[in-house]
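> If you scroll down you'll find the structure; I have some questions about it.
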Amino acid sequence: MSLAHSSVYIVTDSGIRCIAPPCPSYNAVLADKPGMDAIPVHELDLTAVTGGNEQQLESLMQQTTSGGLRIRATLETRAKAGPAGDATVLRASKVE
């Protein structure tokens, strides 16, 4: 079992909406490399940060549309996530 390396990302809503999942609804860039090409993210997992609190989740998700959400997270690939193929999942461990 390998451990994924966590980094600090700034996540924004990509504005993309799809009919078939997975859909690259978010863009992520490394906080220390703001000029880099954005990484398309299909799923943003904030469970470890919110503990299932819906109000906190909504507040964090709103930040993706208003300037960006800064989180420490790991990038993972979930194979065969839907008809459109594999999904890139960003799993947050901390809000920065």
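The values are calculated or read from the model by the stated rules, or taken from the named source; none is laboratory data. The model shown is predicted, which means the values in this text are computed figures rather than measured ones. Note that we place each Cβ from the backbone using ideal geometry, even for glycine, and neighbour counts take in every protein chain shown. In case anyone asks, the SASA skips ligands and DNA or RNA and just uses the protein heavy atoms, side chains included. Shrake-Rupley method; radii C 1.70, N 1.55, O 1.52, S 1.80 Å.
> When the accessible area of the chain is computed with all protein chains present and a 1.4 Å probe, what percentage of it is carbon and sulfur?
Answer for the chain is 51 percent, counting heavy atoms of protein chains only.
> Right, something else. Quick one: compute the contact order of the chain, relative version, from alpha carbon pairs under 8 angstrom and 6+ residues apart, as a percent.
This gives 34 percent for the chain.
> If the convex hull of the alpha-carbon atoms of the chain is projected onto planes in all directions, what is the mean projected area in square nanometres?
Here the figure is 6.6 nm², rounded to one decimal.
> Let me ask you something else. Could you report the chain's accessible area per residue, 1.4 Å probe, as an integer in Å²?
61 Å²
> On to the next question. Can you give me the distance in nm between label points at Ala48 and Arg17, each placed 7 Å from the Cα along the Cα-to-Cβ direction?
3.1 nm
> Helix-only estimate, please: 222 nm mean residue ellipticity of the chain, summing -39500 (n - 2.57) across DSSP H runs of length 4 or more and dividing by its residues, to the nearest 500.
-3500 deg cm²/dmol
> Residue separation times 0.36 nm, minus the C-alpha to C-alpha distance between Thr77 and Leu30: what's the value?
Extra length available between Thr77 and Leu30 comes to 15.2 nm.
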